[in-house]
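Engineer: The structure follows.
The values are calculated or read from the model by the stated rules, or taken from the named source; none is laboratory data. Treat the numbers as computed from the prediction; the structure is a model and nothing was measured. Quick reminder, even Gly has a Cβ in these numbers, built from the backbone with ideal geometry, and neighbours come from all protein chains shown. What goes into the accessible areas is simple: the full protein's heavy atoms, side chains included, and nothing from ligands, DNA or RNA. Shrake-Rupley method; radii C 1.70, N 1.55, O 1.52, S 1.80 Å.
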Amino acid sequence: MQIFIPIMVFFYAIHASHVVSADDFEALRLLFRVILIASLFLCVASVLIVSAIERKSPLTVANNMKDGIMAGVLAVTEEASLANMLEKIRQSGVSQEEEDGQEVIASLGLAMGRFGMITLIASVLTFTVAVYGVTPTPELLVSMFFMSIPSAVLITGLNGPGVLAAALTLCGSVLGLPIEALLVLVILLEPLLELLLIPVSVTMTNALMVLMTALRPELDAEEAA
């Protein structure tokens, strides 16, 4: 199933590609552009936060995060960068207590990063609703959000595109959206959106680790008081 589902989805998408017009692809560019700008903003903001706290140049900070981002991109899941993060924590020379705290933050931060797929799936569904003129009732929007949650939870690793296509097909059939169009959009969007999500998750987790470590003395002082 892991091998054949992506292949079947791909060939079915080719067969159904006639349902997506040139105007749809033009609108698709707008969706991708918005997500790209938001992703770049979050990555740059995370690098600047770490740079300000550690008093290092943004280029040095970005270079330190590069290995973790590449590990996540190559494995198609940001959780693959956890080993690199933990190694850098052990080499940073912080106390054992701070090291334990950073490891917990790294694990939880990357795990929560997967929930970014909820937003991506909801974006694809919302895009389909807008392009094909489906009436966006409150019930439909709520259903789209809640159906995006189990779909995002299932998607991880190399089999993500096939699982996402199957999940969106189920969502589309329940919500009454054009399934063929959804499959075409998934084939085009999922790999690109996944590549944007992973750097955001890794950089923001790094920023959270550094920020919480910097705030630790103040929190300890408040607890003591």
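Engineer: If you scan segment 85-112, which residues turn out to be outside any helix (DSSP H, G or I) and over 14 Å from Asn64 (Cα atoms)?
Structural biologist: Within segment 85-112, Gly93, Val94, Ser95 qualify.
Engineer: When segment 44-77 is examined, which residues are found to be at pLDDT below 85 and farther than 10 Å from Val202 by Cβ?
Structural biologist: Once the filter is applied, which keeps residues that are at pLDDT below 85 and farther than 10 Å from Val202 by Cβ, segment 44-77 yields Leu74, Ala75, Val76, Thr77.
Engineer: Just one of the numbered conditions (1) within 30 Å of Thr126 (Cα to Cα); (2) in contact with a Ser or Thr (Cβ under 6 Å, 6 or more places away or on another chain); (3) free of Cβ contacts under 8 Å to residues at least 40 places away in the same chain is not true of Ala38; which one?
Structural biologist: Going through (1) within 30 Å of Thr126 (Cα to Cα); (2) in contact with a Ser or Thr (Cβ under 6 Å, 6 or more places away or on another chain); (3) free of Cβ contacts under 8 Å to residues at least 40 places away in the same chain one by one, Ala38 breaks only (2).
Engineer: Could I ask something else about it? For segment 123-139, give me each residue that is open to solvent by 20 Å² or more (accessible area, probe 1.4 Å) and touching a residue at least 24 places away in the same chain (Cβ under 8 Å).
Structural biologist: Residues satisfying the conditions are Ser123, Phe127, Ala130, Val131, Tyr132, Val134.
Engineer: Consider Ala80 carefully, then state whether it is at pLDDT 75 or above, open to solvent by less than 80 Å² (accessible area, probe 1.4 Å) and under 20 Å from Ile198 (Cβ atoms).
Structural biologist: Against the criterion (at pLDDT 75 or above, open to solvent by less than 80 Å² (accessible area, probe 1.4 Å) and under 20 Å from Ile198 (Cβ atoms)), Ala80 qualifies.
Engineer: Would you mention how many residues in segment 101-122 are open to solvent by 40 Å² or more (accessible area, probe 1.4 Å) and not polar (S, T, N, Q)?
Structural biologist: Number of matching residues: 6.
Engineer: Let me ask something additional. Need the failing condition index for Ala122 against (1) in contact with a Phe, Trp or Tyr (Cβ under 6 Å, 6 or more places away or on another chain); (2) modelled with pLDDT under 75, just the number.
Structural biologist: The single condition Ala122 does not satisfy is (2).
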